[in-house]
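Enquirer: So that we are looking at the same thing, I have put the structure below in C-alpha cells.
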Amino acid sequence: MDTECFLCRSSSGGNNLRWQDRPLWLDPRAGFVIPGIGGLSPGYVLVAPLEHHINLCQSASILGGSFLSFISDALVYLEERLGVLTFWEHGAPLDQTRPSAACIDHAHLHVAAGNWDLPEPPQASSFPSLRDALVAEAAVLSRDGYLLLGWSGGNVHVGADTMVSQYYRREWARLTGNPDHWDYLIAEDSDITAATIRLLHPPIAPGA
C-alpha cells in the first residue's frame with residue numbers, strides 16, 4: 001500500500017475516510033468501486049484493484065482471474081443500476097517521468113453513466129470485451145502506457161497514449177458543454193457525487 005495514494009487509502013474501507021472516498025463496493029479479494037471525484041454528471045465512479053499497480057493491464061497480469069472476474073462483475077452491477085455505461089482508462093507507463101494521460105499511478109477504470117461519444121484512441125486495436133483487452137499484449141501495454149475506451153455491449157478499443165493529462169475527461173467535459181471542467185479537482189461538485197452515491201446505494205424507506 002502507498003500511504004500517499006488516495007485509492008490505497010480508500011481500499012482499506014476504514015471509518016476515518018472522507019464520505020466521498022468510502023467504497024460503494026469492496027471485494028476483499030480483488031478490488032473496489034468508489035464515487036469518482038469531479039463527476040460531470042451523476043453516475044461517475046472509479047473501479048480499482050486493491051493492490052497498487054500502475055495500470056489495469058499490470059493488475060490483470062499479476063492478479064489474474066480474481067481481478068478480471070471482479071471488474072467484469074462490477075460492470076454488470078453498475079449497468080444494472082445506472083443503465084448504459086461508457087468506460088475508459090488512462091493506462092500509465094512504467095516510466096513515471098514521461099508525460100501521460102494518467103494523473104495518478106494507482107490503476108483505475110473510469111465509468112460514466114450514459115453513452116458518451118468519446119473518440120477512439122489513436123492506433124487502436126479492438127477487442128470483444130474488457131477482459132480480452134486487458135490480457136492482450138499486457139506486458140507491452142504495461143510498459144508503454146495506453147488509452148482504453150469502451151461502452152456497454154460494444155467493443156473495447158486500446159491504443160496509444162496521447163500524453164495529454166486526463167485526456168478522456170477533457171473530451172467528456174467538451175461533450176457536456178463545460179470544456180473548462182476537465183480537471184477532476186476543479187470540477188468537483190459535492191451534489192453530483194452525492195447523487196451518484198444515491199443511485200448506487202438508494203436510501204431505505206422508513207418501515208421497509
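Each reported figure results from applying straightforward, stated rules to the coordinates on display, with no laboratory input. In this text, all values refer to a predicted model and were calculated from it rather than measured experimentally. Reconstructed Cβ throughout: ideal geometry from the backbone, glycine too, with neighbour counts over all protein chains shown.
Enquirer: List, please: which pairs have Cβ atoms under 6 Å, are six or more places apart or on different chains, and start with a residue in the stretch 107-128 that is under 16 Å from Ala173 (Cβ atoms) and end with one that is surrounded by fewer than 18 Cβ atoms within 10 Å (Cβ to Cβ)?
Expert: Trp116/Leu175
Enquirer: With the checklist (1) of a type in the set (A, V, I, L, M, F, W, C); (2) more than 19 Å from His53 (Cα to Cα); (3) under 17 Å from the mean Cα position of the chain (by Cα); (4) outside any loop (DSSP other than H, G, I, E, B) in hand, flag the one item Leu175 doesn't pass.
Expert: Every condition holds for Leu175 apart from (3).
Enquirer: Sticking with this one: Pick out the one residue from Ile71, Ile37 that is in a loop (DSSP other than H, G, I, E, B) and within 13 Å of the chain's Cα centre (by Cα).
Expert: After applying the criteria, what remains is Ile37.
Enquirer: Any chance the stretch 81-93 includes a residue that's over 12 Å from the mean Cα position of the chain (by Cα), crowded, with 20+ Cβ neighbours inside 10 Å and among the polar types (S, T, N, Q)?
Expert: Checked the stretch 81-93: no residue is over 12 Å from the mean Cα position of the chain (by Cα), crowded, with 20+ Cβ neighbours inside 10 Å and among the polar types (S, T, N, Q).
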